[in-house]
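Below is one structure; the comments refer to it alone.
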Amino acid sequence: MIITSIRQGVKNPERANVFVDGKFEFSLNITQVVDYKLKVGAEISIEKFEELKQASEFGKLYQRVLEWVLMRPRSEKEVQDYLGRKVYEKKLDKKYIADVIEKLKNKKYLDDETFAKYYVENRFIKKGISRKRLTMELAKKGVSKEIIGNVLDERNDEEEVLKIIAKKRTKYDDEKLIMYLCRQGFSYDLVRQLMERKVD
């Protein structure tokens with residue numbers, strides 16, 4: 001088999017379309033073309049051909065996941081679940097999941113602590129949310145207890161309760177507001193103490 005043409009992609013100039021024996025076979029990103037030292041006229045074995053097709057699928061999958069991760073920080077579990085769906089849809093080898101995650105982590109695009117900090121800072125920032133609820137939500141997203149503890153170490157439930165009291169005080173009587181706050185994961189004693197201050 002002979003590489004007969006390598007052409008820049010039309011939809012994505014960062015990828016190159018590779019033709020073998022006059023027929024389009026796969027696309028690779030520019031870095032992959034350089035890494036594999038591909039050039040027109042080069043002869044490739046069946047084994048090399050299959051390796052390049054696998055590299056093509058990996059490159060496309062990695063790029064798709066990278067764009068998704070760059071939209072906002074994601075947890076490793078979120079990325080793993082996302083990859084699982086993509087691998088299933090495209091009928092790809094499951095080994096791609098670990099390979100993509102490893103590359104993302106090596107490039108510093110995937111880090112559970114960075115994700116947890118972002119999540120805590122942006123979750124109901126104006127409405128208020130309890131430490132208990134944040135702990136449960138982060139755990140569901142696969143973040144370790146150690147990271148959750150570190151990120152929530154300086155979290156002040158009192159400030160969060162006061163945010164909610166200030167916002168909801170006119171809508172609920174005291175008992176209903178206390179019950180509402182307890183359902184949000186705040187401790188009864190803390191809620192009762194702050195309610196007794198008669199915050200406006």
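The values are calculated or read from the model by the stated rules, or taken from the named source; none is laboratory data. Owing to the predicted nature of the structure, the values given are computational and were not obtained by experimental measurement. Because the Cβ atoms are built from the backbone with ideal geometry, glycine has one as well, and the counts that use them run over all protein chains shown.
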| task | Taking the options ARG15, ARG7, ARG72, name whichever one is at pLDDT 85 or above and in the same structural domain as ILE97 (by TED's automatic domain parsing). | result | ARG72
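Among the residues of the range 56-63, are any out of contact with any Phe, Trp or Tyr (no Cβ under 7 Å at 6 or more places or on another chain) and not in a helix (DSSP H, G or I)? First the steps, then the outcome.
Kept after step one, since they are out of contact with any Phe, Trp or Tyr (no Cβ under 7 Å at 6 or more places or on another chain), are these residues of the range 56-63: 57, 59-60, 62-63.
Imposing the further condition that a residue be not in a helix (DSSP H, G or I) reduces the set to none.
Scanning the range 56-63, I find no residue that is out of contact with any Phe, Trp or Tyr (no Cβ under 7 Å at 6 or more places or on another chain) and not in a helix (DSSP H, G or I), so the answer is no.
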| Residue pairs meeting the criteria (Cβ under 8 Å; at least 6 apart or on separate chains; first closer than 11 Å to LYS141 by Cα, in the range 66-82; second of a type in the set (Asp, Glu)) | SER75/ASP112; GLU76/ASP112
| note | Quick count over the range 18-44, residues being buried (at least 16 other Cβ atoms within 10 Å of the Cβ) and either assigned by TED's automatic domain parsing to the domain that holds LYS95 or assigned to a loop (DSSP other than H, G, I, E, B) (or both), is 3
| When GLU47 is evaluated against the numbered criteria (1) touching a residue at least 24 places away in the same chain (Cβ under 8 Å); (2) loosely packed, with under 15 Cβ neighbours inside 10 Å; (3) part of a helix (DSSP H, G or I), which criterion, by number, is the only one it fails? | (1)
| Does any residue of the range 121-129 turn out to be of a type in the set (Gly, Ala, Ser) and either assigned to a helix (DSSP H, G or I) or on the phi < 0 side of the Ramachandran plot (or both)? | no
